[in-house]
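Step one of this worksheet: look at the structure below.
Just so it is clear, none of the values below were taken in a lab; they were calculated from the coordinates. If you're wondering where the values come from, they're calculated on a predicted model, not measured in any experiment. So basically every Cβ, Gly included, is an ideal-geometry build from the backbone, and we count neighbours across all protein chains shown.
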Amino acid sequence: MKIYLILTSLLICSGLFAQNKEELSKIKSLKSEIIPLNLNENSEFIQNKKKLKQYIADASIVLLGEESHGDGTAFKTKSELVKFLHQELGFNVIAFESSMYLAEKSFQNIQNKEDAKLELRRSITPLWGWAVEVQPLINYIDEQKQSTHPLIVSGFDHQEISQTDRETFPFELYNSMEKENINFKDQEEQNAFFKFYALLSSQFYGRNENLTLDSLNYLLSTFNNAGARILADLEKLEGKDMELLTQSMRNKLAVATNAVYRKVNDSRFNEYTRDSVMAENIIWLKEKRYPNQKIIIWAANLHNARNAGSPYKTTMGDYIYRKYKDELYSIGFVANKGEMGTVQMQNSRPIEPAKENTLEYLFSKTEVPNFFLDFKSFKKTKKGKWLNNNLDMRPFGYMEQNKNWTDIFDAVIFNNEMGRVNLFKVK
């Protein structure tokens, strides 16, 4: 019996030793590949610019993700990376996961303003516009706006989040139709069209409960039919303003039916309809609005991911990867521990330390608090081939999942300790 116990103990010890040896080998390989990032304001952000440039140099679209919209340290890291991409690699456009129409209209208005920071904050969703951690980027965009190399702000979401979306868009549409002699069939059709848009742009909040399902479907049908005719006429017109109006109209028609379904069935908006529309907007920005320009995309990890598999369907990242392939470079963001909280959240939510055997756990063992790791090249090396397996990581809302992450992101940025987002207050 004693011999059996001794042998069992030896086997366990040898197994643990082998496991520990494998873990140490992975950590050693990571240390040789990572590019440390310094978030101290008085220090250089990137210690090896040349190496980072080599990884991203061939990309014309860079996707910057985040685990949640409450990741302050990730926001700070992304803001510094945006400056690097603009200064060192010639990326001239940054598009946020925010209203395209609002961002485009707002940026048009700031060109001749001496101080446009307030306008810039309002040009994107408050999740980022009013985050303390994004203010250095806001200041930078303001400083660069009248230079020969400005950083242009845009958006790629269809969702109406502002008075500009809810009021300026329908007024501009109506005035453009008047000017170009594009007509509704009659006053009833016009009234129904704009009544439905008012409901759509408010996401049906405060909808008159006396509005029956039949009435809602009538408004939807009128909106879709009239909208299709209007769109066909708008597409014949030229000019930057008209092109933006036309693309925005395409967005409204693409989501209208789904939005009614959500309201009637009290269900979540079909995220994959949203992802397809956002992808179409990014393609429009790249091909029509800013041809030959390099674009930075600021969005959630899940939207940027590709080949994410079950339970996810086709993401924005899938759609644009099909078109741009290696012109695309997608960077996921992950963290080991800390807290998260959006500008709207009073209380933070804790982020528990990553479990053993997860990628975040291995990343933390490098003892480098913030770093960049390129998957594309590292996974092809002998020392990095272990990445070509299903591994545990939690880039989507801090929920641990087992996938081959090198098929989903081209690189990751790791923050060992995540801090929440803080609300910026104007003095």
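Per 0.36 nm of contour for each residue apart, how much would the distance between residue 186 and residue 21 grow if the chain were fully extended, relative to their Cα-Cα spacing? It would help to have the intermediate numbers written out before the result.
Values: separation 165, 0.36 × 165 = 59.40 nm, distance 7.73 nm.
Gain on extension, residue 186 to residue 21, equals 51.7 nm.
In degrees from 0 to 90, rounded to the nearest 10, what is the angle of the helix 271-284 Cα long axis to the longest principal axis of the chain?
Compared with the principal axis, the helix lies near 80 degrees.
I want to verify a result. In a Gaussian network model of the chain, Cα cutoff 10 Å, which of these has the top mean-square fluctuation: 330, 202, 43?
43
I'd like the distance separating the alpha-carbon centroids of region 95-129 and region 318-352, in whole Å.
22 Å
Counting DSSP beta bridges with both partners in the chain, what percentage is antiparallel, nearest 5?
On the way: 16 of 42 bridges.
Just about 40 percent of them are antiparallel.
By the scheme Lys and Arg +1, Asp and Glu -1, what is the net charge of all other residues having a beta-carbon under 15 Å from that of residue 75? Write down the numbers at each step before the final one.
Values: positive: 76, 78, 83, 121, 420; negative: 41, 66, 67, 71, 80, 97, 133, 339, 417.
Once positives and negatives cancel, what remains is -4.
Could you put 56, 94 in order, starting from the residue whose Cβ has the fewest other Cβ atoms within 10 Å?
56, 94
Using helices alone, what [θ] at 222 nm do you get for the chain, with -39,500 (n - 2.57) per DSSP H run of 4 or more residues, divided over all residues and rounded to the nearest 500?
Details: 16 runs with 200 residues, N = 427.
-14500 deg cm²/dmol, from helical runs alone.
Calculate the radius of gyration of the Cα atoms of region 313-427 to one decimal place, then report Dmax, the largest Cα-Cα distance, as a whole number, both in Å.
15.9, 55
Would you mind ranking 352, 238 by Cβ crowding within 10 Å, fewest neighbours first? Could you put the intermediate results ahead of the total?
On the way: 352 10, 238 6.
So the ranking, lowest neighbour count to highest, is 238, 352.
With a Förster radius of 51 Å, plug the Cβ-Cβ distance of residue 149 and residue 215 into 1/(1 + (r/R0)^6) and report the FRET value to the nearest 0.05. Spell out each step's value before the answer.
On the way: r = 52 Å, r/R0 = 1.03.
Efficiency, from the Cβ-Cβ distance: 0.45.
Quick one: order 241, 186 by neighbouring beta-carbon count within 10 Å, fewest to most.
Working: 241 13, 186 9.
Least crowded to most crowded, the residues run 186, 241.
If I build a Gaussian network model for the chain, linking alpha-carbon pairs within less than 10 angstrom, which residue out of 101, 312, 398 has the largest mean-square fluctuation?
Highest fluctuation of the listed residues: 312.
Taking the chain as the reference, fit the longest principal axis to its C-alpha atoms, fit the long axis of helix 213-234 to the helix C-alpha atoms, and give the angle between the two in degrees, 0 to 90, nearest 10.
Once rounded, one gets 90 degrees.
Find the relative contact order for the chain and round it to a whole percent, using C-alpha pairs within less than 8 Å whose residues are 6+ positions apart. Intermediate values should be presented prior to the final figure.
Values: 679 pairs, mean separation 110.3, N = 427.
Reported relative contact order: 26 percent.
What ranking do 217-223, 66-72 get when scored by the average of other Cβ atoms within 10 Å per residue, highest first?
Values: 217-223: 18.1, 66-72: 25.7.
Top to bottom by mean Cβ count within 10 Å: 66-72, 217-223.
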